[in-house]
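Here the structure is laid out as structure tokens; the discussion comes afterwards.
Read-outs throughout are calculated quantities, based only on the coordinates presented, and are distinct from any laboratory measurement. Please read all numbers here as calculations on a predicted model, not as lab measurements. Methodologically, a virtual Cβ is constructed for each residue, glycine included, from the backbone with ideal geometry; neighbour enumeration extends over all protein chains shown.
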């Protein structure tokens, strides 16, 4: 029996992290799989809450293939999605993360809100008065 | 002149010549002959390249004569008569004068009958004929002397009970059309019934669960689940037997099948395996495809 098509993001547990714009984000996806041996694609993208809760920031998207071995019963496994660029994210807090699977029935999506803070790599304007000279 | 009613011997005359076969030794087995015919019950297993060594013994009352003894090998036909398969193998003998007391004689050397023409016979017989001048032939037939046909050994699965549903097997394979709804946590209880003809044998029955592949053959998904049985001696009749308890086949490795099948195999040492397939026995549904993310870890 195929799983019902999921139209909403299922919220799952995720830790919070702070990253700079010139760093990349890595996501370890912990999942269970039941089904025949398949090659599917897993993707991840940074999200922000604008119109909806999980509006995607396309420049951060990363996808890769994963070989899912046949499993009669739900079997735990994980995959790492690495190197998500954060340069397209303005420095702020409150970013979310969403992962999704392609090439499987439906398009399941999972995510967490407000787990990522991105910091700017440009120094804030700063003036230091080192001395004063009166005349 | 009076005449004895019993001996039919005229008073004052010599008794008439009398010949009879008293016995015959076949390949060293002595068969007494109280009458013209005898069932030896020997059924000596022979090949067509073999021979029979036959030594008749006889009794004789009468004047000296030269006689011939001829022997043919054949079989007992459907009418109960002797049908020869070989030519006659003949030996001359001298019958001495023995007017009063029966003379007991025996061939000094066996008559050898090649069985080249006697293949595929299960009830071989021989016919021994004494030809004496001026007398009617004395004919003796000895039944069930040899067999050139291998004893019948046959086995077949006649039916298989699956979870209380009996599937008859008129051939090796059968479409059970049961399609029992199962899960991978379930199992099948399988009890084969069989027919056997042959000598006492140890055997084993193995069952695997699988499916019918795209070539129409059986592809196993489970291992073999085996039971050892003893087939009793049943030479003349077909023995009908059944396992006393079912063999349970777990379906844990048989998920996602819409056309589950069974393979039932009988193994007997020295005999080719007897293999039956039962198609469309069970279903375990199409394998569910579920990817479920449990958590994410950012780094």
log₁₀ of I(q)/I(0) at q = 0.14, 0.21, 0.23 Å⁻¹ - the range B:104-207, Debye sum with one point per alpha carbon: -0.79, -1.19, -1.29
Pair-distance profile P(r), taking every C-alpha pair of the range A:68-135, with 5 angstrom steps and integer %: 3, 9, 13, 17, 12, 10, 8, 7, 5, 4, 3, 3, 2, 2, 1, 1, 0, 0
Residue exposure sequence - B:43, A:86, B:262, A:134 - by fewest surrounding Cβ within 10 Å: A:134, B:43, A:86, B:262
Over 32 Å [Cα-Cα, chain B], rounded percent: 55 percent
Share of pairwise Cα separations in the range B:209-299, more than 22 Å, in percent: 48 percent
Cα Rg, Dmax (largest Cα-Cα span) when computed across the range B:70-113, Å: 14.9, 42
Size of the protein assembly as shown as Cα extents on the principal axes (Å, biggest first): 192, 43, 28
The range A:10-113 - Rg and Dmax from Cα coordinates, angstrom: 14.3, 45
Diffusion constant of the range B:18-147 at 10 °C, which comes from Stokes-Einstein with the Kirkwood Cα-pair radius and 1.306 mPa s, µm²/s: 107 µm²/s
Value of D in µm² per second that Stokes-Einstein yields for the range B:147-299, Kirkwood Rh from Cα pairs, at 10 °C (1.306 mPa s): 94 µm²/s
